[in-house]
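Contents: one structure, followed by commentary.
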Amino acid sequence: MKVFKKYIITLPYYILLSGFFIFSPVKAQDARFTVVLDAGHGGHDPGAMSSTSREKDINLAVVLDLGAIIEQKFKDVRVIYTRKTDTYLTLQERADVVNDHHADLFICIHTNASLSPAAYGAETFTLGLAKSRANLDVAMRENSVILLEQDYRKKYKGFDPKSVDSYIMFEFMQDKYIDKSIEFSSSIQKQFVSYCQRTDRGVRQAGFWVLHRSACPSVLVELGFISNASEERYLTSERGQKEMATGVFNAFVDFKKDHDRRSGRQTAVVSKIEQKDKNEEHTAKQPEAVSEVNQRRADSDSVIKRNKIETSHLNQKKEVATPVFKVQLFVSKKKLKSKSAEFKGITNADSFEENGFNKYTIGDETDYSKIVKIRKEIVPKFPKAFIIAFIGDKKISVNEALKMIR
């Protein structure tokens with residue numbers, strides 16, 4: 001009888017215990033994938049600035065667009081935002097959001113800046129030792145928000161964002177998430193090129209504190225340069241922000257699919273957002289791409305204000321009758337794409353039509369000495385390059401142009 005009572009008393013505990021083992025895997029399998037989206041800077045920290053825009057606003061707009069797409073397309077994904085308004089968070093607080101929610105992926109969105117207005121293009125960073133001064137400069141700038149905090153040396157364990165020596169720690173760091181972070185970064189960059197048609201600055205590594213303190217695959221995206229007038233226009237536009245958000249989303253689709261496969265989850269298949277019609281894409285994007293080139297070429301002392309131009313020909317008048325010098329690289333019977341091998345890596349070439357031929361040039365200078373310098377630099381790649389001159393759309397001889405400026 002005592003034995004019988006013993007089993008009667010303990011039976012519920014065995015049932016409860018067996019239920020734990022049976023249902024725990026099911027519960028784990030039903031757990032939602034969590035992605036944390038971080039709009040860099042905010043509040044009293046504007047990030048990089050131009051005369052007309054602020055990095056924090058661009059970052060937030062892209063994050064909100066990205067989050068909206070993920071929430072719409074993925075019903076099994078939980079989207080967490082470090083901020084959805086113009087508020088300030090420390091780097092550690094951002095990392096705490098990631099860890100407190102046990103995130104499966106962390107995406108930081110930032111906008112780049114450079115002392116040179118010629119810098120342009122998108123790049124994605126993962127945690128690691130900066131192998132170039134440029135990468136280190138980006139990390140130093142993004143980590144410098146730490147300096148806005150009191151007792152930052154104590155809070156960040158002696159890490160000084162201004163000291164090169166502080167970044168040595170990342171050389172010895174073993175990040176178990178690095179492989180997945182690099183894969184995701186590579187996917188983002190591919191989408192920036194194929195979907196957004198932006199210039200690819202590649203996947204890079206640097207010592208970002210917020211990535212270091214986040215326990216999951218993590219990336220920091222630099223959308224483009226606010227210091228480049230053309231990229232600034234693109235990144236502050238609704239179209240540009242939605243396109244960049246969509247590019248990151250398409251990369252997220254691949255990451256989520258691989259994550260589900262590895263974890264044995266059966267989830268609904270979500271497709272990437274497809275490209276627009278190619279003809280529409282070419283018509284809509286190409287003028288801006290060339291305008292980008294013109295902005296990169298523009299000198300602070302230039303007296304010419306250039307409008308957008310088509311890649312195939314010059315169709316806008318100069319506002320002043322000042323000669324403009326260019327270096328002609330080569331001639332082609334057919335129109336070439338910007339990434340054609342004929343350009344030998346040159347990304348800022350322009351073109352015009354003459355006598356049924358497409359003639360490709362570089363440079364756009366009113367100062368003859370500057371165009372001479374450009375030709376000298378380009379001759380190793382294009383030995384037959386020579387200087388030409390224009391008044392508006394009209395091609396004139398170089399001698400005639402020189403007489404006009406003397």
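The values are calculated or read from the model by the stated rules, or taken from the named source; none is laboratory data. Predicted model, so just to flag it, every value in this text is computed and none were measured. Cβ coordinates were reconstructed from backbone atoms using ideal geometry, including for glycine residues, and neighbour counts include every protein chain displayed.
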Exercise. Can you work out which of the residues in region 73-112 that are of a type in the set (S, T, N, Q) and within 22 Å of residue 244 (Cα to Cα) is surrounded by the fewest Cβ atoms within 10 Å (Cβ to Cβ)?
Key: 85
Quiz item: What's the number of the condition residue 222 fails, among (1) part of a strand (DSSP E or B); (2) surrounded by fewer than 21 Cβ atoms within 10 Å (Cβ to Cβ); (3) of a type in the set (D, E, K, R)?
Solution: (2)
Self-check item: Hey, residue 92 modelled with pLDDT of 70 or more, closer than 28 Å to residue 272 by Cα and in a helix (DSSP H, G or I) or not
Solution: no
Practice problem: Among the numbered conditions (1) assigned to a loop (DSSP other than H, G, I, E, B); (2) surrounded by 24 or more Cβ atoms within 10 Å (Cβ to Cβ), tell me where residue 210 comes up short. | Solution: (1)
Practice problem: Please work out if residue 401 is in contact (Cβ under 8 Å) with a residue 60 or more places away in the chain and either of a type in the set (Asp, Glu) or not in a helix (DSSP H, G or I) (or both). | Solution: no
Quiz item: Out of the residues in region 179-207 that are more than 16 Å from the chain's Cα centre (by Cα) and surrounded by 18 or more Cβ atoms within 10 Å (Cβ to Cβ), which is farthest from residue 145 (Cα to Cα)?
Solution: 180
Self-check item: Single match in 83, 78 (criterion: more than 25 Å from residue 232 (Cβ to Cβ) and in the same structural domain as residue 183 (by TED's automatic domain parsing))
Solution: 78
